[in-house]
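Here's the structure we're looking at; comments come further down.
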Amino acid sequence: MKKTTLLLFLSVSLMQVWAQDSQAQSMKEFTESMVAHAGYFPFYWDGNSGKIWVEVDKFDQEFLYVNSLAAGIGSNDIGLDRGQLGENRVVKFIRSGPKVMLVQMNYDFRAMSENEDEKISVEQAFAQSILGGFTVKLEENEKVLIDITDFLLRDAHHVIGRLQQSRQGNYRLDAKRSAIYLPRTKNFPQNTEFESILTFSGEPKGSYVREVVPSPDAITVRQHHSFVQLPDANYSPRVFDPRSGYNFTSYQDYASPIEAPLVKRFINRHRLEKKNPTARVSEAVEPIIYYVDRGAPEPIRSALVEGASWWNQAFEAAGYKDAFQVKILPEEADPMDVRYNLIQWVHRSTRGWSYGASVRDPRTGEIIKGHVSLGSLRVRQDFLIAQGLVQAYEKGTEPKPELLQMALARLRQLSAHEVGHTIGLAHNFAASVNDRASVMDYPHPYLQLKVNKVDFSESYDVGIGEWDKRAIIYGYQDFPDNKDEAEELEEILEKTIDMGLHFISDQDARPVGGAHPLAHLWDNGENASREMNRLLELRKHALSEFSENNIPEGRPLAELEEVLVPLYFAHRYQVEAVAKLIGGQAYTYAARGDGQTAVKMVAARDQEAAIKGMLRTLEPDVLALSDRILELIPPRPLGYRRGRENFKIQTDFTLDPIAAAEAAATHTLRYLLHPARASRLVEFHARESAMPGLDELLEDLLDQTWGAYSSSNDYKREIQRAVAKLALHHLMQLGVDKRASSQARAIAMMKVMELKDDLRSRLAKGGDTYTKAHMTFAIFQIDQFLDDPAEWAPPPSPRLPDGSPIGCGGYMNE
């Protein structure tokens, strides 16, 4: 026998012997040197190899698999936060010979039928997904042992994709710098939890990752994997209605009768049952309890507890006693334990969104675990807003108490808002017109001038609103067996409508191109135009008193700019609200027979008032900062660089009041001349001649910006010239915007040509050097535009400092 053949024979023989010996081992023998973790899926930690061995004893039994990000990157712009939940997947282990596979079921397509063949036909029609493949190491008493380590050390949360999407560079998972993270790898009766340290190496390309990672060529995070027992079959899904205010779970049911809808929708909610379903008020069989992160400091922690606790008022309205409770997370509790609904305090390098997510059963919409993430820097923004409105540090280094009071009032509301999402509710952006009827709105602080002083006493509402109570009644009220649930739910909705409570959610409230006159973000009051005028007067008062007393004694005077910015742009969100009245259309989520008005154009007088209000924000008297303020704020000192929440400037180092005015004006013009709004103005005027038309709006705008200005103040005249150029640029842009109707573009082009003729006529009459330069340059730009409109692009203009929260590019586009 040749030497190589002999060696091969011996190798194969030894492998066979090893395999036989390996199979001869019992699980107890194989794992006796490992650390055992009893629980939902028993597993073993092998410290010598760094592996996790899982004992699979539940084949073809569905459970929930959730991946999450236990330790994040800390950048709102990148969007990978501590505690961020991933997908909710229904999965099961299946076996084929030596292979075990983790299969994700496809519950988006079903047949809710007693006919098993019908169910199988749908199941086979749509793909499933195998998330992991494993090899049996040992088998014993219908249980197998598998190595799950590679599955846990993969990029389940798609960090690489998110880094690429945010243009931070191309990264890869570095296996040598990744491992199981034992402190958060645990087992519980209803859920098994694994955690891994993952390092992504690459070449950083963006500023966001450089701002937060100590060595941005190596980004280390922790990813979490949860195997969760699915709820029993005793939960009853509740039908979703678009008027109810809930988020929902949906699927296509191919067993639906031909005359019935194919898509079935059910609201997302916790399981809650009365101990006594026939009683008007009853304790719950099992109350809903939320736990507040122990990492939240005081007085923040108490504010979070108080705000979240407001929801018990709504559950009381639904007939429950003490059914919703809020506590501090026990010291021995693990926040990843599925039994704990969590309110988590999350830190980032910049302000960012807070959000309410949940672990949810995709089959029914039942919420298993509520998970709130609250951005820690948001509270500082409210403090900053208050700081700009009064001489906050008049006594030196101690702030006036109303600053902290307002910030904590907002935090209570925010806690209630995000918890609202985790108990199933969607946003309600029309609640402010009903006297702040819902915490599911985005509230702007309601501040008032009383006896020439800013009053903070009603800055944020306290408690749950009337709409919130009605929504919880719809979602959680129990009905006795002798009641028809569908009829009872319809009666609840009809009563809510009769109470005059409005509900309009996200897609209809976003400001860019929006049309609904009641649904706005960060607004107050029943009438958007009146509220903006009130807000502008408050802003005017605060600017008149702005001084070095707005910052603590001893701080660099340059920091006054941080305080000035939110004050100067205090009306920015009300501008967005007012713009939606112009070419606006009120509508409801009406259902046949509910008596609601489906669609109605905003009245002509309200549109005209809105146009007048928007044009007011372009006036030099509104946009100009006083010499007194400009002489207060020096350039940045050593160690204090300009940031994204400072004014965008064109003067390199010095404060730039004209650029600030341009940013505010650009904000107004962007919404005023949006192509969808322009198109609706044309349509509405054609349908009803009393409605303001696009030509009327453009005429008023050109009169405001290019008409004669009587002020002898050259600084304010320069602001008018800057705003006039911006108005021209937006007008030309509307003329070539293919998103606008052809008639809207035609009217805009006509106004551009008319302005050119008017400027030529005025220029021939002479004037001062600055005025002639202004008109000459405008004619030059119009000629350039008319020479090739398709290739024309507006010159860049200063934008607003990043907004609410930071990282949105100054506008609410999401």
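The values are calculated or read from the model by the stated rules, or taken from the named source; none is laboratory data. Just so it is clear, the model here is predicted, and its values are computed rather than measured. Neighbour counts are summed over all protein chains in view; Cβ atoms, including those assigned to glycine, are modelled from backbone coordinates with ideal geometry. Quick note on the areas: whole protein, heavy atoms, side chains included, nothing else; ligands and nucleic acids left out. Shrake-Rupley method; radii C 1.70, N 1.55, O 1.52, S 1.80 Å.
What residues have an amide H closer than 5 Å to that of L138, excluding those fewer than 5 places away on the same chain, when H is modeled at 1.01 Å from N in the peptide plane?
Hits under the 5 Å cutoff: L145.
Under a Cβ-Cβ cut-off of 14 Å, what is the net charge of the residues other than K274 that fall near it, where Lys and Arg count +1 and Asp and Glu count -1?
-2
For a protection proxy built on the mean count of beta-carbon atoms within 10 angstrom, sort 106-116, 523-533, 51-61 highest first, please. Walk me through the numbers before you get to the answer.
Details: 106-116: 13.7, 523-533: 20.5, 51-61: 17.4.
Ranked by mean Cβ neighbours within 10 Å, highest first: 523-533, 51-61, 106-116.
Please work out whether the range 31-181 counts as rounded, prolate or oblate from its C-alpha gyration tensor, where a ≥ b ≥ c are the square roots of the eigenvalues and a/c under 1.5 means rounded, while otherwise a/b larger than b/c means prolate and anything else oblate?
It is oblate, given that a/c is not under 1.5 and a/b is not larger than b/c.
Which whole-number value in Å² is the accessible area per residue of the range 403-449, probe 1.4 Å? Provide the component values of the computation, followed by the final result.
Details: 960 Å² over 47 residues.
The answer is 20 Å² per residue.
Please report the antiparallel percentage of the DSSP beta bridges confined to the chain, to the nearest 5.
In the chain, DSSP labels about 80 percent of beta bridges as antiparallel.
So, by mean Cβ neighbours within 10 angstrom, what's the order for 315-323, 160-168 with the highest one leading?
Result, highest mean Cβ count within 10 Å first: 315-323, 160-168.
Using the Cα atoms as the points, what is the convex hull volume per residue of the range 683-790 in Å³?
Values: hull volume 11.6 nm³, N = 108.
That works out to 107 Å³ per residue.
Output the relative contact order of the chain, whole-number percent, from Cα pairs under 8 angstrom with separation of 6+ residues.
9 percent.
Quick one: which residues, 5+ away or cross-chain, put their amide H under 5 Å from the amide H of N428? H built at 1.01 Å from N.
M440, D441
With a bin width of 10 angstrom, please list the P(r) values of the range 542-650 as percents of all Cα-Cα pairs, from the 0 bin to the one holding the largest distance.
11, 30, 23, 16, 12, 6, 1
Rank these residues by their accessible area, most exposed first, probe 1.4 Å: M105, M614. Could you put the intermediate results ahead of the total?
Working: M105 25, M614 0 Å².
Final ranking, largest accessible area leading: M105, M614.
Let me check something: with ligands and nucleic acids excluded, how do D621, D241, D783 order by accessible area (1.4 Å probe), largest to smallest?
Descending order: D621, D783, D241.
What is the range 293-342 by shape, rounded, prolate or oblate, if you read a ≥ b ≥ c off the alpha carbon gyration tensor as root eigenvalues and call it rounded for a/c under 1.5, prolate for a/b larger than b/c, and oblate otherwise?
Oblate is the answer for the range 293-342, as a/c is 1.5 or above yet b/c matches or exceeds a/b.
So what's the net charge close to A579: Lys and Arg +1, Asp and Glu -1, counting the other residues with Cβ under 11 Å from its Cβ?
So the environment of A579 carries a net charge of +2.
Could you work out [θ]222 nm for the chain from helices alone, using -39500 (n - 2.57) per DSSP H run of at least four and dividing by all its residues? Round to the nearest 500 deg cm²/dmol.
-11000 deg cm²/dmol
Any idea what diffusion coefficient the range 112-196 gets from Stokes-Einstein, in µm²/s, Kirkwood Rh on alpha carbon pairs, 25 °C, 0.890 mPa s?
Translational diffusion coefficient: 143 µm²/s.
Round to the nearest 10 and give me the degree value, 0 to 90, for the angle of helix 675-687's Cα axis relative to the longest principal axis of the chain.
Between the helix axis and the principal axis of the chain, the angle is about 60 degrees.
Can you give me the long-range amide H partners of K327? Hydrogens built in the peptide plane at 1.01 Å from N, cutoff under 5 Å, separation of 5 or more residues or another chain.
So K327 has HN proximity to Y290, Y291, V292.
If you roll a 1.4 angstrom probe over the protein chains with everything in place, what fraction of the accessible area of the range 161-284 belongs to carbon and sulfur, to the nearest %? Intermediate values should be presented prior to the final figure.
On the way: 3120 of 6330 Å².
Ligands and nucleic acids excluded, carbon and sulfur give 49 percent.
Classify the range 338-419 from the C-alpha gyration tensor, please: rounded if a/c falls under 1.5, else prolate or oblate depending on whether a/b exceeds b/c. Write down the numbers at each step before the final one.
Numbers: a/c = 3.77, a/b = 3.20, b/c = 1.18.
Prolate shape, in that a/c is at least 1.5 and a/b is the bigger ratio.
Suppose all protein chains stay in the model; what accessible area per residue would a 1.4 Å probe give for the range 568-692, in Å²?
Averaged over the residues of the range 568-692, the accessible area is 43 Å².
Alpha carbons only, please: Rg and Dmax for the range 489-558, in angstrom.
20.0, 62
Using the Karplus curve 6.51 cos²θ - 1.76 cosθ + 1.60 with θ = phi - 60°, work out ³J(HN,Hα) for each residue of the range 504-509 in order, rounded to whole Hz, and write x for Gly and Pro.
In residue order, the calculated couplings are 9, 10, 3, 4, 9, 10 Hz.
What list of ³J(HN,Hα) values in whole Hz, one per residue of the range 592-606 in order, does the Karplus curve 6.51 cos²θ - 1.76 cosθ + 1.60 (θ = phi - 60°) give from phi, with Gly and Pro shown as x?
Residue by residue, the range 592-606 yields 4, x, 8, x, 7, 6, 6, 9, 7, 5, 5, 4, 4, 5, 6 Hz.
At 0.890 mPa s and 25 °C, plugging the Kirkwood radius over alpha-carbon pairs of the range 368-478 into Stokes-Einstein gives what diffusion coefficient in µm²/s? Walk me through the intermediate numbers first.
Details: Rh = 15.4 Å.
Rounded to a whole number, D works out at 159 µm²/s.
If the only charges are +1 at each Lys and Arg Cβ and -1 at each Asp and Glu Cβ, what is the size of the charge dipole of the range 595-647 around the Cα centre, to the nearest 20 debye?
For this selection, approximately 280 debye.
Ordered by packing density, taken as the mean number of other Cβ atoms within 10 Å over each peptide's residues, highest first, how do 435-448, 375-388 rank?
Details: 435-448: 22.4, 375-388: 20.1.
Highest-to-lowest ranking by the protection proxy: 435-448, 375-388.
Please go through the range 241-297 and write out the GluC sites (Glu not before Pro) that DSSP classes as loop and that have at most 11 other C-beta atoms within 10 Å.
Details: sites: E259, E273, E283; in loops: E259, E273.
Loop-located and lightly packed - E259.
Note the angle between two axes, namely the Cα long axis of helix 769-787 and the longest principal axis of the Cα atoms of the chain, as a number of degrees from 0 to 90, rounded to the nearest 10.
Between helix and principal axis, roughly 50 degrees.
Between the helical axis of 116-125 and the dominant principal axis of the chain, each derived from Cα atoms, what acute angle in degrees is found, rounded to the nearest 10?
With both axes taken from Cα atoms, the answer is about 60 degrees.
I need to check one value: relative contact order of the range 569-713, counting alpha carbon pairs closer than 8 Å and at least 6 residues apart, in percent.
Once divided by the residue count of the range 569-713, the mean separation gives 26 percent.
For the range 372-415, what ratio Rg/Rh do Cα atoms give with a Kirkwood hydrodynamic radius?
Taking Rh as the inverse mean 1/r over Cα pairs, Rg/Rh reads 1.03.
Once the convex hull of the C-alpha atoms of the range 605-680 is built, how many Å³ does it hold per residue, rounded to a whole number? Present the calculation step by step, with values, prior to reporting the outcome.
On the way: hull volume 8.3 nm³, N = 76.
Normalising the Cα hull of the range 605-680 by residue number yields 109 Å³.
State in Å² the accessible area per residue of the range 51-118; use a 1.4 Å probe, count heavy atoms of protein chains only, and round to the nearest integer.
39 Å²
Lys/Arg Cβ at +1, Asp/Glu Cβ at -1, dipole of the chain taken about the Cα centre: which of H417, V346, G584 is farthest positive-ward?
V346
Of the beta bridges DSSP finds with both residues in the range 326-398, what % are antiparallel, to the nearest 5?
Counting DSSP beta bridges with both partners in the range 326-398, the antiparallel share is about 55 percent.
Measure of size requested: the Rg and Dmax of the chain, with Cα atoms as the atom set and Å as the unit; please supply both.
According to the Cα coordinates of the chain, Rg and Dmax are 31.2, 112 Å.
Report D for the range 448-582 in µm² per second (integer): Stokes-Einstein, Kirkwood Rh on Cα pairs, 25 °C, 0.890 mPa s.
On the way: Rh = 18.6 Å.
Reported coefficient: 132 µm²/s.
Go through the range 529-537 residue by residue and turn each phi into a ³J(HN,Hα) via Karplus (6.51, -1.76, 1.60, θ = phi - 60°); whole Hz please, and just put x for glycine and proline.
Running phi through 6.51 cos²θ - 1.76 cosθ + 1.60 with θ = phi - 60° gives 5, 5, 5, 5, 4, 5, 5, 5, 5 Hz.
Once the Cα gyration tensor of the range 241-346 is diagonalised, what are the square roots of 5 times its eigenvalues, in whole Å and ordered largest first, as equivalent ellipsoid semi-axes?
Square roots of five times the eigenvalues give 33, 20, 13 Å.
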